[in-house]
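Here is the structure we will look at.
The values are calculated or read from the model by the stated rules, or taken from the named source; none is laboratory data. This is a predicted model, so every value here is computed, not measured. Quick reminder, even Gly has a Cβ in these numbers, built from the backbone with ideal geometry, and neighbours come from all protein chains shown. The protein model used for the area step is the full one, side chains on, heavy atoms only, and it has no ligands, DNA or RNA in it. Shrake-Rupley method; radii C 1.70, N 1.55, O 1.52, S 1.80 Å.
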Amino acid sequence: MTYPECPRCQSTSVVKSGIVNDRQRFKCKRCKYSFTVNKLGKQIDSYYVIKALQLYLEGISYREIERLLGVSHVSVMNWVRKYRIKAPTQQDYRPTYKVLNHAELSTFFSQPHNLQGAGMIVTEVGDKYMLIKWERFKD
């Protein structure tokens, strides 16, 4: 039987150490750390992780990312911490966004006044497109 690796020191010399809440406990012989095996829960597709981090970097709030992608804002916060993502400080601009389908996006780009002024980025979000545009604050 193969035993899991210690999450603290990555040692493979562990022994069984009882059962808690129907889960096997283990104890590391090297660092004396007690732990349970990782439970196999549902895992979120990496597509959504990458999109959430991209949106966070664009200045979209955790709650708005939750509404757009359908993943918990707490998950997004955990991913930001896990991957050590630092959002740049925003001082003189703010992003605004629209979620459009293909026809709406084509219509948007066919109008010349929409292409002037601020920078913008278009990213795919599921079967729709998100247009993020930066506008400078007017003092």
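Could you rank Ile19, Ile50 by how accessible they are, 1.4 Å probe, largest area first?
Result of the area sort, largest leading: Ile19, Ile50.
Take the chain, mark every one of the trypsin sites (Lys or Arg not before Pro) that falls in a DSSP loop and has at most 15 other Cβ within 10 Å, then report the longest stretch left between them, sites excluded.
Counting at most 15 other Cβ atoms within 10 Å as exposed, the longest clean stretch of the chain is 87-137.
Just going by the charge dipole of region 47-110, with Lys and Arg at +1 and Asp and Glu at -1 on Cβ, which of Val80, Ile60, Val99 is farthest out on the positive end?
Val80
Just the number please: accessible area per residue for the chain, 1.4 Å probe, all protein chains included, in Å². Let's see the in-between values first.
Numbers: 10160 Å² over 139 residues.
Ligands and nucleic acids excluded, the figure is 73 Å² per residue.
Probe radius 1.4 Å, ligands and nucleic acids ignored: give me the carbon and sulfur share of the accessible area of the chain as a rounded percent.
With neighbouring chains kept in place, the figure for the chain is 49 percent.
As a quick test, which of the pairs Lys29/Lys86; Lys16/Lys86; Lys86/Lys133; Lys32/Lys82; Lys32/Lys86 have an alpha carbon distance above 29 angstrom in this structure?
Lys29/Lys86; Lys16/Lys86; Lys32/Lys86
According to the square roots a ≥ b ≥ c of the eigenvalues of the Cα gyration tensor, what is the shape class of the chain, taking rounded for a/c under 1.5, prolate for a/b larger than b/c otherwise, and oblate for the remainder?
prolate
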